[in-house]
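Notes follow the structure.
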Amino acid sequence: MKNTWFWIKFTLLALFTFSLGVFNLPESVQEKLPTFAQEAISGYKIKLGIDLAGGTKLEYKIDFSEAEKKLNISSETNEINTTSSAESLKKSEIANGVVKTLKKRIDPDGTKEVTVFSSQRGEDWFVVVELTTDIDTKENRAKLEKITSLEFKTPYPQGELGEKAKDATVTALLESARTNNQDFDALAKPITLSNEGRGLNLETAYLNEITEAVVGDEELAKKLLTQNPEYIGWADNYEKLQNNMYLLPYYQSPLTQTERVSEKSEKTFSDAEKIFPSEKNIAIDKLPSEVLSDVSLLDTEKSWILSGKYLVEKTKYNEKTQSFLYSLIDLSSQSDAVISQYKRKSVKALEDSRFVRFLYVTPRWQPTPLGGGEFKVAKVGVDPNTNYPIVQINFTQKGGEIFGDLTGELAKHKNTVCGATGDVFAIFVDNEEVSAPCVREKISGNAQISMGAGTLREVQREANQLADNLNSGATPAPIALVSERKISASLGEKALELSIYAALIGFAMVTVWIIFFYRFAGVLAIGALLFYALFLISLFKYFGFVLTLSGIAGVILSIGMAVDANILIFERIKEELNAGEKFVDAVATGFDKAWSSIRDSNISSLITCFILFALGTSIIKAFAITLAIGIFVSMFTAITFTRYLIMGLTPNVLKNKTSVFIGLKKRD
């Protein structure tokens, strides 16, 4: 039974090794794998740092001067002291919040090669941003240097009062854009980020394109196309569309006439309705079968087509059936001459057009008097009733009074997303909604936000993230560029090439040395090293570690440490064989006796890694992380993988030939 378990484990380890090999196949070989295998492994690649891929390293100094005025930072304690010890906030926490905010600005979805971290030199704090060449743009530089904003907003009231408030908000928005000659993108971006609207570009817009953009209102489309023919910029007024969406027009070019080939007919569906009877509100499954293939060509409401001897018009959307309804006119009793009047023909003509941009706005949140200036600090605490993390928000005295008034008003709202009473209170950082908790009663003074459902770890992570967002958004800690260093891609390629050569040379030297001294056991040790390399590379790929030049140094050093563990094991096995132990017993005892030495040496190395990571710069941190990962993998490789290789792959004929098996020539 014991032997059976060994071979089961050996087989599982072999399968695991095979899967690591497939995971690390070259791209040219991956293309020959089955589709499901390609999809499973294609997204994982080793990410290179800027010292290998090329790019720019920017160092910004965090300016705490405004924060010191607002929150009374003590230079001696390196903390922000507010009215009580529970409200203290360390500079390191502010720096950490700034790091997360900058990372989110440049790499919101986590797919770019961006490294952002903070460091301290003396009493000064710095943020280092490493950008690869492709994302080192003026736009991203501007994003980094923008001061973070914190805003608190509430929903608009229901009914007529809410509509008037929305009208006033959009009016003020448009007036501000016109007064400041604001660019379209500058106004559209924050609105899009807050999910309160979207932009639409119509570079060569004719009447029919604008009609479609304004939900089929042709009169409005004519007005928008032709008003102020020579004007460029924001329109004087907004337009409220049929779906209660606000439209803010921006004219990118004057009105021009462009030759256009279009499909036109002598008469339209509206003309036919005045002459012939029509059936209205027909579901698509009730239409004649011969027109179904042409119905798919109708892209917008009020669009129509002649299909055979039927005129079909798409009318409105049925919410219940989740499908469009149609109007139908049967012309089968009419002559070919009458029907031909509704056939579209290609017509070349000059038509009015211009480059227009539409900003659609659907106001969800109205600003409040409560802002970053009234916010002190956010801390993660624990709810005594549930023992789950919460976020405690502390306001200034004025902020506490405003917050009490706002929550008291929200508590009066009826039948909202929060239930029969109450409404949401939204928190925005950099125009992005980070939290929208429900408020069901008036809260005087400070606030307490309970997190959503989930495991304790998930809720803790959510609470920490919200607190960081609030602190970085509210704390007036702008950054200033103090140094910039360019790294060329060619230099990175050369460094990577030399690093790979160094690793291969080191591996070859270790291979020769260990096989010379330990013979067949040395061959197995090299097999274990290959497994170690596959395992380590797989970890880097799967978890998205960014590999730097110093990180490669850590990997190369860990290879030597992995060999060192095998040497300790082999020497202990030699001692047991020399003492007359049988092969199986000698191997088992050798591994057991070597474990304590391997464990202690690796623990001391890990302690060194921890110190290097805690106190070192980014280069030293990268070295420490890769070395630590390599140490853990090497321990698993030496203690587990090498043992199974020796027990499972050593031929019986070598078990008694110790000189060939492990280089033991004679017994003392």
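The values are calculated or read from the model by the stated rules, or taken from the named source; none is laboratory data. On a predicted model such as this, the values are computed, not experimentally measured, just so you know. As a convention, Cβ positions derive from the backbone with ideal geometry for all residues, glycine included, and neighbour counts pool all protein chains shown. Ligands, DNA and RNA are stripped out before the accessible areas are found, and what is left, the full protein with its side chains, is counted by its heavy atoms. Shrake-Rupley method; radii C 1.70, N 1.55, O 1.52, S 1.80 Å.
Here's the yes/no breakdown for (1) under 29 Å from the mean Cα position of the chain (by Cα); (2) farther than 30 Å from Val653 by Cβ; (3) surrounded by 21 or more Cβ atoms within 10 Å (Cβ to Cβ):
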site: Ser499; (1), (2), (3): no, yes, no
site: Arg519; (1), (2), (3): no, no, no
site: Ala525; (1), (2), (3): no, no, yes
site: Phe545; (1), (2), (3): yes, yes, no
Result of the Cβ filter at 6 Å on segment 248-266, keeping first residues that are under 21 Å from Tyr360 (Cα atoms) and touching a residue at least 40 places away in the same chain (Cβ under 8 Å) and partners that are among the aliphatic types (A, V, I, L, M) and open to solvent by 70 Å² or more (accessible area, probe 1.4 Å), at least 6 apart or interchain, is Tyr251/Ile232
Looking across segment 168-206 at residues that are touching a residue at least 40 places away in the same chain (Cβ under 8 Å) and among the acidic types (Asp, Glu), the single one that is most open to solvent (accessible area, probe 1.4 Å) is Glu203
Open to solvent by less than 60 Å² (accessible area, probe 1.4 Å) and at pLDDT 85 or above - does that describe any residue in segment 129-149?
-> yes
Note on segment 291-343: residues among the small types (Gly, Ala, Ser) and buried (at least 18 other Cβ atoms within 10 Å of the Cβ) are Ser307, Ser327
Checking the structure you have, find out if any residue of segment 345-357 is surrounded by 16 or more Cβ atoms within 10 Å (Cβ to Cβ) and within 30 Å of Leu150 (Cβ to Cβ).
yes
When segment 211-223 is checked residue by residue, the ones that are at pLDDT 90 or above and touching a strand residue (DSSP E or B) at 6+ places or on another chain (Cβ under 8 Å) are Leu220
Exactly one of Ile603, Ile607, Ile620, Ile631 is open to solvent by less than 50 Å² (accessible area, probe 1.4 Å) and either modelled with pLDDT of 80 or more or under 50 Å from the mean Cα position of the chain (by Cα) (or both), and that residue is Ile631
Residues of segment 237-273 being open to solvent by less than 60 Å² (accessible area, probe 1.4 Å), more than 23 Å from Glu163 (Cα to Cα) and hydrophobic (A, V, I, L, M, F, W, C), in sequence order, are Leu255, Phe269, Ala272
Checked pairs for segment 566-592, first closer than 14 Å to Arg643 by Cβ and basic (Lys, Arg), second at pLDDT 85 or above and in a helix (DSSP H, G or I), C-beta under 9 Å and 6 or more apart or across chains, list as Arg572/Ala586; Arg572/Thr589; Arg572/Gly590; Arg572/Phe591; Arg572/Asp592; Arg572/Lys593; Arg572/Ala594; Arg572/Ser597
Selection over segment 417-437 where residues are surrounded by fewer than 16 Cβ atoms within 10 Å (Cβ to Cβ) and either modelled with pLDDT of 80 or more or out of contact with any helix residue (DSSP H, G or I) (no Cβ under 9 Å at 6 or more places or on another chain) (or both) yields a count of 3
Inset, instruction - Please work out if Ala565 is open to solvent by less than 30 Å² (accessible area, probe 1.4 Å), assigned to a helix (DSSP H, G or I) and modelled with pLDDT under 85. - result: yes
So, first residue closer than 15 Å to Glu151 by Cα and without any contact (Cβ under 8 Å) to a residue 60 or more places away in the chain in segment 394-405, second residue open to solvent by 100 Å² or more (accessible area, probe 1.4 Å) and not charged (D, E, K, R), Cβ within less than 7 Å, six or more apart or across chains; the pairs are none
Listed by first then second residue, the pairs whose first member lies in segment 212-240 and is closer than 14 Å to Arg354 by Cβ and in a loop (DSSP other than H, G, I, E, B), whose partner is open to solvent by 80 Å² or more (accessible area, probe 1.4 Å) and not β-branched (Val, Ile, Thr), with beta carbons under 9 Å and at least 6 positions apart or on separate chains, are Gln227/Asp236; Asn228/Asp236; Ala235/Arg178
Does Phe531 fit the bill of being of a type outside the set (Lys, Arg) and open to solvent by 20 Å² or more (accessible area, probe 1.4 Å)? no
Flag if Ala221 is open to solvent by less than 80 Å² (accessible area, probe 1.4 Å) and under 24 Å from Ile339 (Cβ atoms):
no
Residues in segment 390-430 that are under 31 Å from the mean Cα position of the chain (by Cα) and either polar (S, T, N, Q) or in a loop (DSSP other than H, G, I, E, B) (or both) total 7
Filtering segment 224-236 for residues that are at positive phi and open to solvent by less than 50 Å² (accessible area, probe 1.4 Å) leaves a count of 1
- Query: In segment 29-43, is there at least one residue being at pLDDT 70 or above, under 30 Å from Lys138 (Cα atoms) and surrounded by 12 or more Cβ atoms within 10 Å (Cβ to Cβ)?
  - Reply: no
Of the residues in segment 441-469 that are basic (Lys, Arg) and out of contact with any helix residue (DSSP H, G or I) (no Cβ under 8 Å at 6 or more places or on another chain), the one that is nearest to Leu193 (Cα to Cα) is Arg461
